[in-house]
Amino acid sequence: MPAKSRFTRLDAFTKTVEDARVRTTSGGIVTIASLLVIFWLSWGEWADYRRVTVRPELVVDKGRGEKMEISMNISFPRVPCELITLDVMDVSGELQMGVTHGVNKVRLSPESEGSKVIEVKALDLHQDEAPHLDPNYCGECFGAPAPSSASKPGCCNTCDEVREAYTSISWSFGRGEGVEQCEREHYAEHLDAQRKEGCRLEGSVRVNKVIGNFHIAPGKSFSNGNLHVHDLENYFRDESHTFTHKIHHLRFGPQLSEAVIADMQKKHANTGPGGWTNHHINPLDATEQQTTEKAFNFMYFIKVVSTAYLPIGWEKEAGRPAKHEELLGATYDGSYKGSIETHQYSVTSHKRNLAGGNDEEAGHKERIHARGGIPGVFFSYDISPMKVINREVREKSFSGFLVGLCAVIGGTLTVAAAVDRALYEGANKIKKMHAN
């Protein structure tokens, strides 16, 4: 038997001759309707195939030796910039005292004048490096060892260098009375002129990703044995100084641009409730605390959770260094397609008067506060051992899309054929009934 005949016997799709086919008006209407239904359902299948959803996963964070960026913008309307010090420390033993790198101090006008910006980069009141002095001049350190950062080794040529020398051996500095360098730079006069001003700290610092804390407190800081101490003399001289503050934002991890946030929210809408975490929402943003007491501190206890967002195709960018890893304070913009590594956090807060006593004013008479401490704002952060991974996925594969498309076409045509057959048979029966 010829091969052609063998295949002919296997044909499951038998054909009728053209003359045996009957075309009806109802059949044309059913055909047009079925085509419209096929196009509509096919578009739905395509939309399902292209839809990206976000699947959250919870895993153990196995990262080691990592760094973490802390970005802040905090205003203190009743403490001048000269008296504010930012210190960072962690359980690994690393201590950063008087942090200035990556952080700006913004001088603000007195609160009664609206706390307007006076100067943005006023990190020191006494930046006079004495260029007018004799090149052979070597200022006295008044019994303290010269600081290693001195402009001239073994000498204290500026007021700031004398302060650093005093700090290195835990001496209180005060207003610099009797110190030649400070009197030459009018340090006390500048301090008095700015005493009613406020200050805003803004910028970022990079810390070890371990348990630690950072705090904003008055006066130069120094370590005395196992104690961390601040020189509070100038802070307590003025009755108007308090640590009333407003946290404009506090973020752990790099900034996400509006384009990235909008894209995440769009994917969240596709996923439904509970399928996505709000990477960009920081619970301490716009927090404001008031006090009229000088000896008062505020404590925030923060639980940091590492969070990763993995867009589709992020593996292609895995080998390239991201901009935020190289630049402090960089932003994830819409052009970045790699994995987004950031942090979320929860927070609880506590405040107390350093004079001690019970907490009757807050309605907790049974609560007794300890006595002593340093006035200021303290942030203690703990790192969660778990990590949240939000992974973008397509709910339907390409093969699934093809199967769905075939089901749509085949099912629609089968139903349409049944409807057309029913209409045709019905019309014929009605004609016969009328003929009889």
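The values are calculated or read from the model by the stated rules, or taken from the named source; none is laboratory data. These numbers were taken from a predicted model, which means no experiment stands behind them. Because the Cβ atoms are built from the backbone with ideal geometry, glycine has one as well, and the counts that use them run over all protein chains shown. When the accessible area is computed, the model is the full protein with side chains, heavy atoms only, and any ligands, DNA or RNA have been set aside. Shrake-Rupley method; radii C 1.70, N 1.55, O 1.52, S 1.80 Å.
Overview of values
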item	result
Karplus-derived 3J(HN,Hα), 6.51/-1.76/1.60, for each residue of the stretch 159-168, Hz, glycine and proline x	4, 4, 5, 5, 4, 4, 5, 5, 4, 4
Where labels lie 7 Å past Cα in the beta-carbon direction, separation of residue 303 and residue 189 in nm	5.5 nm
Calculated FRET efficiency for the pair residue 91/residue 289, C-beta based, R₀ 30 Å, to 0.05	0.65
Label point distance in nm, residue 170-residue 354, each placed 7 Å from Cα along Cα→Cβ	1.7 nm
Additional length obtainable on full extension of the chain from residue 236 to residue 57, 0.36 nm per residue less Cα span	59.4 nm
Local net charge near residue 288, Cβ-Cβ under 15 Å (Lys/Arg +1, Asp/Glu -1)	+2
Net +/- balance of residues flanking residue 57 in space, Cβ distance below 10 Å, scoring K and R +1, D and E -1	+3
Residues with amide H under 5 Å from that of residue 73, placed H, sequence gap 5 or more	248, 249
Long-range HN-HN contacts of residue 85 with modeled amide H, under 5 Å	217, 219
Neighbourhood net charge (15 Å Cβ-Cβ; Lys/Arg +1, Asp/Glu -1) for residue 114	+3
Built amide H within the under 5 Å cut-off of residue 119, gap 5+	107
GluC sites (Glu not before Pro) restricted to the stretch 161-198 and DSSP loop, no more than 14 other C-beta within 10 Å	177
Overall dimensions of the stretch 33-94 as given by Cα atoms, namely Rg and Dmax in Å	27.4, 79
With all protein chains modelled, accessible area of residue 230 [1.4 Å, Å²]	10 Å²
Protein accessible area in the stretch 208-260, 1.4 Å probe - carbon and sulfur %	52 percent
